[in-house]
1. Within the range 59-71, take every residue that is out of contact with any Leu (no Cβ under 6 Å at 6 or more places or on another chain) and more than 8 Å from the ligand (Cβ to nearest atom) and give me the one that is farthest from D8 (Cα to Cα).
2. Among the residues of the range 53-71, write down those that are without any contact (Cβ under 8 Å) to a residue 60 or more places away in the chain, surrounded by 23 or more Cβ atoms within 10 Å (Cβ to Cβ) and assigned to a helix (DSSP H, G or I).
3. Which of the residues spanning the range 29-83 are among the β-branched types (V, I, T) and under 25 Å from V137 (Cβ atoms)?
4. For the range 72-109, name all the residues that are touching a residue at least 40 places away in the same chain (Cβ under 8 Å), buried (at least 16 other Cβ atoms within 10 Å of the Cβ) and either over 23 Å from G130 (Cα atoms) or acidic (D, E) (or both).
5. Could you check the range 7-32 and list, in sequence order, the residues that are aliphatic (A, V, I, L, M), part of a helix (DSSP H, G or I) and closer than 21 Å to G107 by Cβ?
6. Of the conditions (1) more than 17 Å from W123 (Cβ to Cβ); (2) away from the ligand (no atom under 16 Å from the Cβ); (3) of a type outside the set (D, E); (4) in contact (Cβ under 8 Å) with a residue 60 or more places away in the chain, L25 fails just one. Which one is it?
7. Identify all residues within the range 22-31 that are surrounded by fewer than 17 Cβ atoms within 10 Å (Cβ to Cβ) and either of a type in the set (A, V, I, L, M) or in contact with a helix residue (DSSP H, G or I) (Cβ under 6 Å, 6 or more places away or on another chain) (or both); write none if there are none.
8. Residues to consider are E13, E30; find the one that is farther than 22 Å from N99 by Cβ, away from the ligand (no atom under 16 Å from the Cβ) and either over 11 Å from the mean Cα position of the chain (by Cα) or at pLDDT 95 or above (or both).
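The values are calculated or read from the model by the stated rules, or taken from the named source; none is laboratory data. Bear in mind that the values here come from a model prediction, so they are computed numbers and not experimental data. Don't worry about glycine lacking a Cβ; one is built from the backbone with ideal geometry, like all the others, and counts go over all protein chains shown.
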Amino acid sequence: MKIIIGCDHGGYELKEKILPRLKALNHEIEDIGTHSTESVDYPTYAVQVARAVADGRAERGILVCGSGIGMCIAANRTPGVRAVQISEPFAARMSRRHNDSNILCLGGRFLGLDMAMEILETWLNEPFEGGRHQKRVQMIEASSHPQGGETT
Ligand code: RB5
């Protein structure tokens, strides 16, 4: 699948470690940086990844910062994005099954490589259940339209 990935300085080291593993899983990867541990502003990367996923240029996005939290807050401002900050595989699984999450935010200062890969592989492989959850996801999307939209 086509995956776009971005990070800030706090996520750089983890991103560099997961990139070869993702490529080995035969995913097509677009890496938008950052490309060093020099301090940068995480919203720059969050917004680029969010727009690429919302536009359909990439099927999924991965964002890595120190905690995963700032990236998640920033990415979720883009309509169509359902970004989740995840620290263990069960939440990764549920965020796919029930919420159709399309951007995964990881904390480079929270996670070791093995845990990050367990989360990532779970998240990449788990399907959305649809059904009653489809309506709920549609309600979220409707709420971001300027006129409001159907929320009940
Ligand atoms: C940068 O120090 C840090 O604030 C950032 O990587 C992230 O954790 C923000 O939520």
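1. Per the criteria, the residue is E59.
2. V53
3. Once the filter is applied, which keeps residues that are among the β-branched types (V, I, T) and under 25 Å from V137 (Cβ atoms), the range 29-83 yields V47, V49, V53, I62, V64, I69, I73, T78, V81.
4. L106, G107, G108
5. Hits for the range 7-32 are L14, I18, L19, L22.
6. Of the numbered conditions (1) more than 17 Å from W123 (Cβ to Cβ); (2) away from the ligand (no atom under 16 Å from the Cβ); (3) of a type outside the set (D, E); (4) in contact (Cβ under 8 Å) with a residue 60 or more places away in the chain, the odd one out for L25 is (1).
7. The answer is A24, L25.
8. Of the residues listed, the single one that is farther than 22 Å from N99 by Cβ, away from the ligand (no atom under 16 Å from the Cβ) and either over 11 Å from the mean Cα position of the chain (by Cα) or at pLDDT 95 or above (or both) is E30.
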